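Participant: Once you've had a glance at the structure underneath, I'll fire off some questions.
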Amino acid sequence: MPENINSEGYDIPPEMQQTVAITTLDKIYNWGRKYSAWPMMFGLACCAIEMICTAASRFDLSRFGMEIMRPSPRQADVMLVSGTVTKKMVPQIVRLYNQMPEPKYVVAMGACASGGGPFKGGYNVVSGVDKFLPVDVYIPGCPPTPQALLHGLMKLQEMIDKQSIKNVRWYKREPIEEIPIPILGPDLIDPRDLPQIRSNLHAEKNLGIKEN
Amino acid sequence: MATKSFSIDEVKENFQEINIEEDERKGYSGLIVETDKLVDFANILKNKMGFDYLSSVTGVDYLPDNMMEVVYHAYKSTGGKPMEFKVQVPREKPVVPSLVSVYPGAGFQEREAWDLLGIKFDGHPNLKRILMWEGFAGHPLRKDWHEAYYEEDAKPYKSRWPNGRDVHLAEDRNPYKKNVVYPKDFDPDKWNPEGEDALYLGMKSLQKDDDLKTEQIIVNLGPQHPSTHGVFRMVVNLEGETVKKLEPVMGYLHRNHEKIGERNTYLMNIPYTDRLDYLSSMSNNFGYVLAVEKLMGEKAKPTERAEYIRVIMAEFTRISNHLFAIGTFLNDLGAYFTPMLYALEERELIMDIFEATAGSRIMCNYFRFGGVARDLPPGVYEKMRDLVFDRLPRKIDELDKYLTNNELVRVRSEGIGVLTPEEAIAFSAAGPVLRASGVPYDVRRAEPYGIYNRFDFKVVARNHGDVYDRYLVRLEEIRQSILIIQQALDQMPDGPIINGKPQYQVRVPAGEAYGRVEGPKGELGFYIVSNGKPNPWRYHVRAPSFINLTALSKMCEGDKVADTIIILGSIDIVLGETDR
Amino acid sequence: MYGKGIVKGLGITLKRLIETYIDDIKWGKKRYNTDEGIAHRMSKDARGIFTVQYPEEKIPVPEEFRFIPFLIYEVDENGEKIERCTSCGICAKVCPSQCIWIERTKDPKTGRPVPVPAEFYIDIDMCLNCGLCAEYCPFDAIKMDHDYELASYERTIYNKEKLLKPVSYYASIRPRNYEREEKARAKAAAIKNARKKQNIR
Ligand code: SF4
Ligand code: SF4
Ligand code: SF4
């Protein structure tokens, strides 16, 4: 077997695909994960109502192995961000995300979670959860109908299917960094922005002195 | 307009020593009361004149006049027109005496006015921010306060057309790309978050020194908790299992509805109202268009057919909302999801009707000024008939049969979370919560709007005021709604569905209006101030879910901690409306 | 007696299970994966199983259903696309969340505006799916789509290319609206022609 097979980006020739152990393992691994991705039970806004409808009789989320919505982040695999992410709420959302065990996925359901939605201009609204968390699937719509949500979740399953044990982040040697929890200041403060905030404010002050 | 039924002299007779004037601005009504004498005024109003129900309190920032105004709407719990009164204070020093001692229901609303407008209420027992967090810079609803993505005072924005190339405009203009701005004198290194500690300390200090020392536990429920119906949080002080004190914390879904609403044109607000109480968007539409139609006068009078469609849709909304409420209530009792599945099934069928008519399952955006957006498509009328004449009555009876006398339901909910009629009125509770306490107050009867006076229906009320009665009131209200729809379907005439041509720029004369409807959760009111421009100067929502929560602590104190969940469930809040 | 309620509750579930099988036998093959079967499960007589098994079965979307807006183009005899939109900007003005950005085309020589949009963006992650743009567009150029299967791995802003769809598509998803509008358009065109003729005379 050639040396570089374990390196990333190595294309396995089609005729070999079935024989290579790792792909078969991947298949089993992903098959298992794909049909047992438990969402976290947590609704933010209007989209949560459609999420509940999706779990109810007509659309029946359990057909996808997702019927058990876990209120505890420790037992959940998928974070369905279903609704408007507000500044007051985002520290909790980040905390919840940090508490979820790997592998974990984030689905941004609806316009609000994807890009701020209709309330984007508001002073208490975060323009999309992707400003803080890595989002895997975006589902547009306001609200996405239950079927649109199901479609999004199938997209997520497709994505899980394409992952490989070799290069997923949770088997890497280096530890996965936690996302710093935003602070509620005079406005929302993302700790990652602190250096920039300092320098911007500094510049502004200097500018003010010069003007005076 | 609204106080026409009382002549000013008649009113004045009751207030010998207090200086009151009639509001004489064009399009305005009500009384202007001397600020210092407000509490005396309210006392007389309540005790002598019988206006015992304070429905709405809100502030208006009149920037050009350099004045803040606080507007109160009081009603008699026996029905009738409102008494609207106002106090005016200078903008630099907005201090108003608090009315909590007279009307405890003002508590949360005054806190909201403090939070968003910076009006101080003297004598308020707990004047903290309620929707934003403690430490937030500024009072956002003030007209000179600008948010981070501020572009212009009013929509439509000029950047969109004819040179709309800057697609990401909002983000790009903001240095952090995150919808934030910081005050100039802000130093991130010295920042010390307040609020949380103060909250817990307030809960701790409950114990008196000479009490027997028992262990106090403070438990946080929410904002992410499976039973809080969204992002609601309760901080509970427990002694053993018994709740000593409970403080609701909200604002986790505060989406700045009112600030955005004041930037929007009148038409643009309709789809936004859908997102208030997202379980009953049709009712929200109804309340809003009613308020604007009041301002617009005759030329926006809805056509006959539209009136019927409106009532039908509003009542279907009530049914679907109550089904959801009953489902979640059973959930809270511990029947994990199963009864909910049955309730949601019927709701799904109603959603089909909404989707076919209005185009969306829950965000209907169906009402227009002077009518509705489109006529019923073929087949929908028959579907409605099928539902209200056949399926729904059958299914509601089934629910009734299995739930009402279920001994677990009864044991868990009877005698829990009791609210006496006096308390219910004092706390400005509305809707099923008020009626379960034995006050048969329903806006559809007390001050009929639309064409509700043409229908024969009962105002459902019960008199224990506990969780079980609230459930029964909802169940019975579904039946009454079915009756109303049956009558409306039979009487519905043909004809146009909107008065005049549909227009996107409506002319709203200057003035103020308070439109209210009986939403599924209670009295839903919209207070609108127009200055003749295409967008409202002030747009305030009297949200029943929000105000009903004022009574939550009262209901929970002394009950077990497990019961707080069902008590909260029985109020039936929706966070979109609570926090707006 | 305690526990009676629970037994009763289990009874309901059992009844439902049995009803499902009775209907399965009664309906045979027609019960699943057919329009008839789906319609039955959405009707007042539905009993037993209520689930519509997406993605194999899909709930039919009603004509008025609205999701994301799209722009309409017509195809002329030469197979050229003709956009209906005149970049008048009304949709951008009524849009409640202000998520439409339009750039007007200018004639390179005269600098006068030409009634075709140079670019047309909709940020679908700000759109409320409210349909006001479609309701108030005077040229029937923007309409609400039925396609809801739009989930993607990236946040996107739709541009003109992505928004344009042929008028035949529109006629297929909203036949009744299309018919009504075509009638109105024909009438308007007739009036306009008549006026032109008069003017010429
Ligand atoms: S995307 Fe629309 S439906 Fe979903 S939470 Fe936001 S406003 Fe509500
Ligand atoms: S889509 Fe319609 S309303 Fe919008 S610019 Fe084009 S023609 Fe005008
Ligand atoms: S549907 Fe509504 S929000 Fe979306 S583009 Fe059209 S007008 Fe704007």
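The values are calculated or read from the model by the stated rules, or taken from the named source; none is laboratory data. The structure presented is a predicted model; accordingly, all values stated were derived computationally and were not measured. Don't worry about glycine lacking a Cβ; one is built from the backbone with ideal geometry, like all the others, and counts go over all protein chains shown.
Participant: If only one of B:Glu69, B:Glu17 is farther than 30 Å from B:Lys143 by Cβ and either out of contact with any Pro (no Cβ under 8 Å at 6 or more places or on another chain) or assigned by TED's automatic domain parsing to the domain that holds B:Ala291 (or both), which one is it?
Facilitator: After ruling out the rest, the residue left standing is B:Glu17.
Residue-wise test of (1) more than 14 Å from chain B (Cβ to nearest Cβ); (2) within 16 Å of ligand 3 (Cβ to nearest atom); (3) modelled with pLDDT of 75 or more.
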| site | (1), (2), (3) |
| --- | --- |
| A:Ile12 | yes, no, no |
| A:Gln18 | yes, no, no |
| A:Thr24 | yes, no, yes |
| A:Asn30 | yes, no, yes |
| A:Ser36 | yes, no, yes |
| A:Ala48 | no, no, yes |
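Participant: If a residue has to be closer than 24 Å to C:Ala189 by Cα and more than 16 Å from ligand 3 (Cβ to nearest atom) to count, how many in the range C:105-157 make the cut?
Facilitator: Qualifying residue count for the region: 4.
Participant: Do we find a residue being basic (Lys, Arg) and over 25 Å from B:Ala424 (Cβ atoms) anywhere in the range B:104-117?
Facilitator: No, that holds for no residue.
Participant: Considering every residue within the range C:153-175, establish whether at least one is under 29 Å from B:Lys501 (Cα atoms), within 12 Å of another protein chain (Cβ to nearest Cβ) and away from ligand 1 (no atom under 16 Å from the Cβ).
Facilitator: yes
Participant: Has the range C:131-144 got at least one residue that is within 15 Å of ligand 1 (Cβ to nearest atom), within 10 Å of chain A (Cβ to nearest Cβ) and closer than 21 Å to A:Gly83 by Cα?
Facilitator: No - not one qualifying residue is present in the range C:131-144.
Participant: For the range B:329-343, what are the residues that are at the interface with chain A (Cβ under 10 Å from one of its Cβ atoms) and surrounded by 23 or more Cβ atoms within 10 Å (Cβ to Cβ)?
Facilitator: Hits for the range B:329-343 are B:Met340, B:Tyr342, B:Ala343.
Participant: Suppose the filter is more than 10 Å from chain B (Cβ to nearest Cβ) and outside any loop (DSSP other than H, G, I, E, B); does C:Glu36 pass it?
Facilitator: Judged against the criteria, C:Glu36 is a match.
Participant: Just one of (1) within 14 Å of chain A (Cβ to nearest Cβ); (2) within 22 Å of the chain's Cα centre (by Cα); (3) crowded, with 24+ Cβ neighbours inside 10 Å trips up B:Glu315, so point out which.
Facilitator: Single failed check for B:Glu315: (1).
Participant: Need a quick list: helices (runs of 4 or more DSSP H) entirely within the range A:85-175 having at least 1 residues that are more than 11 Å from chain C (Cβ to nearest Cβ).
Facilitator: A:90-99, A:146-162
Participant: Give just the number: which of (1) among the small types (Gly, Ala, Ser); (2) surrounded by 18 or more Cβ atoms within 10 Å (Cβ to Cβ); (3) more than 21 Å from B:Gly511 (Cβ to Cβ) does B:Ser101 not satisfy?
Facilitator: For B:Ser101, the exception is condition (2).
Participant: Continuing with the same structure: Can you pull out every residue in the range C:77-98 that is out of contact with any Leu (no Cβ under 8 Å at 6 or more places or on another chain), closer than 13 Å to B:Lys158 by Cα, more than 7 Å from ligand 2 (Cβ to nearest atom) and not basic (Lys, Arg)?
Facilitator: Result: C:Gln98, single match.
Participant: Let me ask something additional. Name the single residue, out of those in the range B:441-490 being of a type in the set (D, E, K, R) and not in a helix (DSSP H, G or I), that is surrounded by the fewest Cβ atoms within 10 Å (Cβ to Cβ).
Facilitator: If we take residues in the range B:441-490 being of a type in the set (D, E, K, R) and not in a helix (DSSP H, G or I), then B:Asp456 is surrounded by the fewest Cβ atoms within 10 Å (Cβ to Cβ).
Participant: Kindly evaluate C:Asp23 against the criterion of being more than 11 Å from every other protein chain (Cβ to nearest Cβ), surrounded by 14 or more Cβ atoms within 10 Å (Cβ to Cβ), farther than 30 Å from B:Asp274 by Cα and touching a residue at least 24 places away in the same chain (Cβ under 8 Å).
Facilitator: Yes: the conditions hold for C:Asp23.
Participant: Then there is this: With the condition kept exactly as written, say whether any residue in the range C:150-163 is within 16 Å of ligand 2 (Cβ to nearest atom), out of contact with any Lys or Arg (no Cβ under 6 Å at 6 or more places or on another chain), closer than 13 Å to C:Phe70 by Cα and part of a loop (DSSP other than H, G, I, E, B).
Facilitator: Checking the range C:150-163: at least one residue is within 16 Å of ligand 2 (Cβ to nearest atom), out of contact with any Lys or Arg (no Cβ under 6 Å at 6 or more places or on another chain), closer than 13 Å to C:Phe70 by Cα and part of a loop (DSSP other than H, G, I, E, B).
Participant: Give me the pairs: first residue in the range B:552-567 and farther than 18 Å from B:Ser437 by Cβ, second residue among the acidic types (Asp, Glu), beta-carbon distance under 8 Å, and six or more apart or on different chains, which are they?
Facilitator: Matching pairs, first to second residue: B:Lys560/B:Glu241; B:Val561/B:Glu241; B:Ala562/B:Glu241; B:Ile565/B:Asp332.
Participant: Within the range A:132-147, can you find the residues that are within 11 Å of ligand 1 (Cβ to nearest atom), in contact with a strand residue (DSSP E or B) (Cβ under 8 Å, 6 or more places away or on another chain) and hydrophobic (A, V, I, L, M, F, W, C)?
Facilitator: Result: A:Ile139, single match.
Participant: Same structure again: Restricting to the range B:422-440, what's the tally of residues that are surrounded by 20 or more Cβ atoms within 10 Å (Cβ to Cβ) and not hydrophobic (A, V, I, L, M, F, W, C)?
Facilitator: Result for the range B:422-440: 5.
Participant: With respect to A:Ala76, determine if the residue is more than 27 Å from B:Lys177 (Cα to Cα), free of Cβ contacts under 8 Å to residues at least 60 places away in the same chain and surrounded by 24 or more Cβ atoms within 10 Å (Cβ to Cβ).
Facilitator: yes
Participant: I'd like the full set of residues that are out of contact with any Asp or Glu (no Cβ under 6 Å at 6 or more places or on another chain) and facing chain C (nearest Cβ under 8 Å), limited to the range B:357-376.
Facilitator: Answer for the range B:357-376, where residues must be out of contact with any Asp or Glu (no Cβ under 6 Å at 6 or more places or on another chain) and facing chain C (nearest Cβ under 8 Å): B:Thr357, B:Ala358, B:Ser360, B:Ala373, B:Arg374.
Participant: Continuing with the same structure: Identify, please: which residue in the range C:89-130 is part of a strand (DSSP E or B), under 30 Å from B:Ala356 (Cβ atoms) and within 14 Å of chain A (Cβ to nearest Cβ) and is, among those, nearest to ligand 1 (Cβ to nearest atom)?
Facilitator: Out of the qualifying residues, it is C:Ile122.
Participant: Further question: Quick check on A:Pro195: is it part of a helix (DSSP H, G or I) and within 16 Å of ligand 3 (Cβ to nearest atom)?
Facilitator: Working: part of a helix (DSSP H, G or I): yes; within 16 Å of ligand 3 (Cβ to nearest atom): no.
Criteria not met by A:Pro195.
Participant: Taking the residues in the range C:62-88 that are away from ligand 3 (no atom under 16 Å from the Cβ) and out of contact with any strand residue (DSSP E or B) (no Cβ under 7 Å at 6 or more places or on another chain) as candidates, determine which candidate is nearest to the other protein chains (Cβ to nearest Cβ).
Facilitator: This residue is C:Pro62.
Participant: Residues of the range C:56-74 being among the hydrophobic types (A, V, I, L, M, F, W, C) and either more than 16 Å from ligand 2 (Cβ to nearest atom) or not in a strand (DSSP E or B) (or both), which ones?
Facilitator: Those that are among the hydrophobic types (A, V, I, L, M, F, W, C) and either more than 16 Å from ligand 2 (Cβ to nearest atom) or not in a strand (DSSP E or B) (or both): C:Ile59, C:Val61, C:Phe65, C:Phe67, C:Ile68.
Participant: Mind checking whether some residue in the range A:93-115 is over 21 Å from A:Met40 (Cβ atoms) and within 16 Å of ligand 1 (Cβ to nearest atom)?
Facilitator: Within the range A:93-115, one or more residues are over 21 Å from A:Met40 (Cβ atoms) and within 16 Å of ligand 1 (Cβ to nearest atom).
Participant: Examine the range C:151-174 for a residue that is in the same structural domain as C:Gly89 (by TED's automatic domain parsing), within 27 Å of A:Gln157 (Cα to Cα) and touching a His at 6+ places or on another chain (Cβ under 7 Å), and state whether such a residue exists.
Facilitator: yes
Participant: Every residue in the range B:153-182 that is within 13 Å of chain C (Cβ to nearest Cβ), charged (D, E, K, R) and more than 27 Å from A:Val90 (Cβ to Cβ), please.
Facilitator: Those that are within 13 Å of chain C (Cβ to nearest Cβ), charged (D, E, K, R) and more than 27 Å from A:Val90 (Cβ to Cβ): B:Lys158, B:Arg160, B:Arg165.
Participant: In the range A:91-119, which residue that is buried (at least 24 other Cβ atoms within 10 Å of the Cβ) and touching a residue at least 40 places away in the same chain (Cβ under 8 Å) is farthest from C:Arg41 (Cα to Cα)?
Facilitator: Only one residue fits best here, namely A:Ile93.
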